[in-house]
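One structure below.
The values are calculated or read from the model by the stated rules, or taken from the named source; none is laboratory data. These numbers come from a predicted model, not from an experiment. Note: ideal-geometry Cβ built from the backbone for every residue, glycine included; neighbour counts use all protein chains shown.
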Amino acid sequence: MSGKGYKIGQLARLCSLTERTIRYYDELGLLKSKTRTAGGQRIYSDDDIVYIKRIMELKALSFSLDEIKSIILMGEDDESGEKRRQVLLSNYRTKLEAARRRRAELEREIGELDWHIRQLESSGGSFKDCPGSLCPMCAYKSNCSFCLDSEDASGR
């Protein structure tokens, strides 16, 4: 064990987690410490702090605890850490692509909401009025699903 030993309460405070979370991570096999006091209390090390910070980092990047566990357990056969590094790179790339797709979808939704707000603010009609009645003078008729103008409707 490197560095100072910590009881669960100390470790929880240092990592801004609850003791229950530390115990859960321990049960899942995410922490390496196997040292115990004479009274049976587990003693955690500086290495455990590093693992907890890595777990927190990966969770913040939407990794599941199962994904994190599989990466940590690779350490048994990955002395250099290269295998884990490659797996993390692959997972990071996959998550980056998913985040970019979510961002693109969110940007489309924002554009749609913005268009509806501008259309409703400029129409002057009430919610019950079909905006299609304003088509001849509507600046937004090319995007409007209510458009009654035959030229615009035929393009849909």
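Given the structure, is R85 outside the structural domain of L28 (by TED's automatic domain parsing), within 16 Å of the chain's Cα centre (by Cα) and in a helix (DSSP H, G or I)? So R85 fails the test. Among the residues of region 1-43, write down those that are in contact with a strand residue (DSSP E or B) (Cβ under 8 Å, 6 or more places away or on another chain), among the hydroxyl-bearing types (S, T, Y) and under 22 Å from S70 (Cβ atoms). Selection gives S33 alone. Residues that are surrounded by 13 or more Cβ atoms within 10 Å (Cβ to Cβ) and either outside any loop (DSSP other than H, G, I, E, B) or touching a Cys at 6+ places or on another chain (Cβ under 6 Å) (or both) within region 36-49 comprise R42, Y44, D46, D47, D48, I49, listed in sequence order. Number of residues in region 29-71 that are hydrophobic (A, V, I, L, M, F, W, C) and closer than 24 Å to K4 by Cβ: the value is 9.
Per-residue answers, yes or no, for (1) surrounded by 14 or more Cβ atoms within 10 Å (Cβ to Cβ); (2) at pLDDT below 65:
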residue	(1), (2)
D77	no, no
K95	yes, no
A99	no, no
A104	no, no
G132	yes, yes
D149	yes, yes
D152	yes, yes
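For region 52-67, the set of residues classified as in contact with a helix residue (DSSP H, G or I) (Cβ under 7 Å, 6 or more places away or on another chain), surrounded by 14 or more Cβ atoms within 10 Å (Cβ to Cβ) and either within 16 Å of R23 (Cα to Cα) or polar (S, T, N, Q) (or both) consists of I52, I55, L65, listed by residue number. Being acidic (D, E) and either touching a Leu at 6+ places or on another chain (Cβ under 9 Å) or closer than 30 Å to C144 by Cβ (or both) is a description that does not apply to D78. Does S33 count as of a type in the set (S, T, N, Q), exposed (fewer than 15 other Cβ atoms within 10 Å of the Cβ) and assigned to a loop (DSSP other than H, G, I, E, B)? No, not satisfied.
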